[in-house]
1. Collect the residues in region 40-88 that are of a type in the set (F, W, Y) and either more than 16 Å from L19 (Cβ to Cβ) or over 14 Å from the mean Cα position of the chain (by Cα) (or both), keeping them in residue-number order.
2. State whether one or more residues within region 34-49 are surrounded by fewer than 23 Cβ atoms within 10 Å (Cβ to Cβ), modelled with pLDDT under 95 and outside any helix (DSSP H, G or I).
3. Take L86 and decide whether it is in contact (Cβ under 8 Å) with a residue 40 or more places away in the chain and among the aliphatic types (A, V, I, L, M).
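The values are calculated or read from the model by the stated rules, or taken from the named source; none is laboratory data. Source: prediction; values computed, not measured. With ideal geometry, Cβ positions are generated from the backbone for all residues, glycine too; neighbour counts draw on all protein chains shown. SASA here: full protein model, heavy atoms, side chains in, ligands and nucleic acids out. Shrake-Rupley method; radii C 1.70, N 1.55, O 1.52, S 1.80 Å.
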Amino acid sequence: MKRLEIEKQQTNGMAVSSLVLGILGVVLNLIPLLPYLLGILAIVFGTMGKKVESGKGMAVAGTILGGIALVMKVIFWLFVIAIGGLNY
């Protein structure tokens with residue numbers, strides 16, 4: 001009988017973590033402090049995940065989404081400051 005060997009494809013955990021954290025950072029952007037943490041962690045994990053060949057696309061997407069989450073939060077606060085300044 002022929003022995004069947006199944007090659008298990010390894011996933012890049014840093015890339016998957018980066019993508020998940022980036023998505024959560026964008027979706028949960030209206031929560032006060034959470035997007036900062038999620039965005040920074042997504043960028044860090046994405047940068048570390050890019051070093052491994054498998055899952056490189058997920059790492060890049062997670063890094064981009066982490067950056068988008070941080071930019072959205074900064075734009076949110078600029079909008080809040082601008083709206084608050086209209087009363088004076």
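1. Selection gives F76, W77, F79, Y88.
2. No: zero hits.
3. No; evaluated as a whole, the condition is false for this residue.
Rundown of residues vs (1) open to solvent by 70 Å² or more (accessible area, probe 1.4 Å); (2) of a type in the set (A, V, I, L, M, F, W, C); (3) modelled with pLDDT of 90 or more, yes/no style:
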| site | (1), (2), (3) |
| --- | --- |
| L4 | yes, yes, no |
| E7 | yes, no, no |
| L19 | no, yes, yes |
| G22 | no, no, yes |
| V26 | no, yes, yes |
| G57 | no, no, yes |
| T63 | no, no, yes |
| K73 | no, no, yes |
